[in-house]
Amino acid sequence: MTSTGLDRPAPEADAHLEVPAVSLSALLAAAPSPSPSPTTGPVVPALQDAQEQATNAASWVEQNWSTWLAIGLRVVLILVIATVLRSAVRRAITKLIDRMSRTVEAVDGTAFGGLLVNAERRRQRSQAIGSVLRSVASFLIMGTAALMVLATFQINLAPLLASAGVAGVAIGFGARNLVTDFLSGVFMILEDQYGVGDTIDAGVASGEVIEVGLRVTKLRGSAGEIWYVRNGEVKRIGNLSQGWATAEVDVAVPAGEDLDRVRSTLDAVAERMSKDEPWNELLWGPIEVLGLESVLLDSVVVRVSAKTMPGKAVQVERELRWRVKRAFDAADIPLMGGAPAPVEDAATVDPTAAMAAPSAYANLTSPQAQAASPIPPAPRGGK
């Protein structure tokens with residue numbers, strides 16, 4: 001027997017013993033790791049994941065930092081320019097208003113300043129104009145800057161502008177009276193239609209203007225009452241304090257009076273009044289005798305006219321009537337105040353003229369009285 005036959009089963013036995021060892025290591029390698037217990041806390045990301053996220057963030061910042069920097073610088077530049085422009089415009093408007101006020105004060109100090117300029121009126125008007133101009137300038141500049149900032153962030157402004165337009169229409173329709181008053185006040189101030197101290201006839205009220213606002217004008221009536229007139233309700237304005245006024249006096253004399261003597265007397269009164277103070281300052285032209293205004297059966301009317309300062313026509317008329325009456329009394333020229341009442345002779349007066357006519361009902365036997373008498377009641381019981 002040879003030894004080769006005895007040694008053959010040995011390799012098979014070794015192979016049989018190594019197979020289970022290889023299978024066990026493979027199973028251990030393929031088996032999942034045990035999950036952490038819920039009590040161990042949150043899972044800490046792996047170092048590779050954190051590194052990957054940091055790399056992504058750094059790359060995003062590197063790609064977009066220039067864009068954000070450009071947007072920020074553009075926004076800052078827009079705001080700085082808008083602020084500087086707004087301050088410059090408001091300062092220019094303020095200087096303009098101050099210059100207007102200084103001009104008014106300089107003119108007011110002259111001899112004719114009180115006749116031509118009302119300092120309070122000009123001051124209020126300049127302040128109102130300055131306030132309106134500053135508000136409009138601030139709204140336009142800052143509103144434009146806000147739209148430019150939104151456009152810088154690539155925000156679509158079409159829906160915003162459409163919504164603002166719809167909201168503006170709705171507000172304007174709901175507050176149309178307020179908008180009308182405000183716009184009327186703005187144009188009234190810009191056009192200098194009237195001011196403080198003027199006497200105006202606004203249609204709805206008349207009197208002296210004591211305060212002018214963008215929405216309401218305050219008037220002092222002739223009886224001392226204060227009228228609050230909305231500027232939007234004023235359709236027409238009659239300013240009695242601008243330009244000049246006319247004083248007119250009608251003098252009625254008998255029809256048989258010498259008109260040449262009447263004219264010479266009126267001319268003497270006019271010449272004397274034109275030289276006396278303070279009427280010589282209130283009169284802006286000579287007092288003229290215009291001639292006959294009307295001719296009646298028993299009287300004629302002569303009209304005297306003069307051009308005066310605004311608002312001083314009533315004073316001049318009263319003084320002129322006073323002087324005409326005294327001059328006519330001195331010249332023995334009678335004045336006519338209307339048709340005199342007829343005087344009747346007492347002998348020709350009928351004493352029964354004021355008595356009523358006799359009535360037919362006063363005579364009880366007249367047919368009218370018999371028809372109006374009541375019917376007597378019928379007797380009772382046939383008696």
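The values are calculated or read from the model by the stated rules, or taken from the named source; none is laboratory data. Note that the structure is a prediction, hence the values are computed from the model and not measured. All Cβ positions, glycine included, derive from the backbone under ideal geometry; neighbour counts span all protein chains shown. Quick note on the areas: whole protein, heavy atoms, side chains included, nothing else; ligands and nucleic acids left out. Shrake-Rupley method; radii C 1.70, N 1.55, O 1.52, S 1.80 Å.
Considering only the range 142-172, how many residues are open to solvent by 50 Å² or more (accessible area, probe 1.4 Å), β-branched (Val, Ile, Thr) and in a helix (DSSP H, G or I)?
Here the count works out to 4.
Residue under question is LEU364, and the condition is that it be assigned to a loop (DSSP other than H, G, I, E, B), modelled with pLDDT under 85 and of a type in the set (A, V, I, L, M, F, W, C); does it hold?
Spelling it out, LEU364 is indeed assigned to a loop (DSSP other than H, G, I, E, B), modelled with pLDDT under 85 and of a type in the set (A, V, I, L, M, F, W, C).
Give me a count of the residues in the range 292-307 that are of a type in the set (S, T, N, Q) and either open to solvent by 60 Å² or more (accessible area, probe 1.4 Å) or at pLDDT 90 or above (or both).
1
Just the residues that are touching a Lys or Arg at 6+ places or on another chain (Cβ under 8 Å) and either open to solvent by less than 30 Å² (accessible area, probe 1.4 Å) or under 30 Å from ALA245 (Cα atoms) (or both), please, taken from the range 173-201.
Selection gives ASP181, GLY185, ILE189, ASP192, GLY195, VAL196, GLY197, ASP198.
Across the range 194-229, what is the total count of residues that are basic (Lys, Arg) and touching a strand residue (DSSP E or B) at 6+ places or on another chain (Cβ under 6 Å)?
So the count comes out to 2.
Output yes when any residue across the range 42-56 is under 30 Å from ALA151 (Cα atoms), exposed (fewer than 12 other Cβ atoms within 10 Å of the Cβ) and at pLDDT below 80, and no when none is. Walk me through it before giving the result.
Taking the range 42-56 and keeping what is under 30 Å from ALA151 (Cα atoms), we get 56.
Retained after the next criterion (residues that are exposed (fewer than 12 other Cβ atoms within 10 Å of the Cβ)): 56.
Still in the list and also at pLDDT below 80: 56.
Yes, the conditions are met somewhere in the range 42-56.
Would you be able to tell me the number of residues in the range 265-294 that are of a type in the set (Ser, Thr, Tyr) and under 16 Å from ARG321 (Cα atoms)?
Qualifying residue count, the range 265-294: 2.
Each row is one residue, and each column tells you yes or no for (1) in contact (Cβ under 8 Å) with a residue 24 or more places away in the chain; (2) among the hydroxyl-bearing types (Ser, Thr, Tyr); (3) open to solvent by 70 Å² or more (accessible area, probe 1.4 Å).
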residue	(1), (2), (3)
ARG230	yes, no, yes
ARG236	yes, no, yes
ALA245	yes, no, no
VAL249	yes, no, no
VAL253	yes, no, no
ARG261	yes, no, yes
ARG272	yes, no, yes
TRP284	yes, no, yes
LEU290	no, no, yes
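Identify all residues within the range 312-335 that are assigned to a loop (DSSP other than H, G, I, E, B) and open to solvent by 50 Å² or more (accessible area, probe 1.4 Å); write none if there are none.
The initial filter retains those residues of the range 312-335 that are assigned to a loop (DSSP other than H, G, I, E, B), namely 312, 331-335.
Listed by number, the residues that qualify are LYS312, ASP332, PRO334, LEU335.
Could you tell me whether ARG215 is modelled with pLDDT under 75 and open to solvent by 30 Å² or more (accessible area, probe 1.4 Å)?
no
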